[in-house]
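Just below is one structure, and these are the notes that go with it.
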Amino acid sequence: MTAHLSGTRTPGTSGPADGAAARPGHRVALAVRLDAVTCAGAGLLLTAGAALLAAPLGLPVPLLLGSGLFLLVFAALLWFGAATAPIVPSRVRAVIAVNAAWVAGSAAVIALAGPTALGVAFVLAQAAAVAGITVAEAVLLRRDSKGDA
């Protein structure tokens, strides 16, 4: 494949115009960016809506607000960390560890905070989403370290 600096392909070629698939760590970087976007969205929801969500979820405002603020900061770190070239595997492993702690913390919130049924569903849904993204990051990191395409 021949690509130009403008990002256009030479006629008759296929694949990404920027050679993205050929860059080591590109797929794991995309997974980390997806993680960043979902963290930012959840962080905005929890930060802006903490007072409105507290009663229906049965969760305290400080927990929702603190979680939202954490997610906003974490999202920024993820986004900028994924922008490094090449992506640093130890940073991805740290992200995986933080995400695993988040999932475990979600179980603790359900057990200790006494959320409503809607709150349990909300906490379980976001924990499942985090777990899914974390598995993708781990699998892609492993494939990238093996050099699999």
The residue that is nearest to GLY119 (Cα to Cα), considering only those in segment 23-52 that are of a type in the set (Lys, Arg) and surrounded by fewer than 17 Cβ atoms within 10 Å (Cβ to Cβ), is ARG33
Over segment 63-108, the set of residues closer than 20 Å to ALA131 by Cβ and either of a type in the set (Ser, Thr, Tyr) or outside any helix (DSSP H, G or I) (or both) is SER67, SER106
Of the listed residues (ALA55, ALA107, ALA20), the one being surrounded by fewer than 18 Cβ atoms within 10 Å (Cβ to Cβ) and at pLDDT below 95 is ALA20
Checked segment 85-96 for anything among the hydrophobic types (A, V, I, L, M, F, W, C), out of contact with any Phe, Trp or Tyr (no Cβ under 9 Å at 6 or more places or on another chain) and closer than 15 Å to ALA75 by Cα; matches are VAL92, ALA94, ILE96
Scanning segment 48-62 for residues that are part of a helix (DSSP H, G or I) and hydrophobic (A, V, I, L, M, F, W, C) gives ALA48, ALA50, ALA51, LEU52, LEU53, ALA54, ALA55, LEU57, VAL61
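The values are calculated or read from the model by the stated rules, or taken from the named source; none is laboratory data. Bear in mind that the values here come from a model prediction, so they are computed numbers and not experimental data. In this analysis, Cβ positions are derived from the backbone assuming ideal geometry, glycine residues included, and neighbour counts consider all displayed protein chains.
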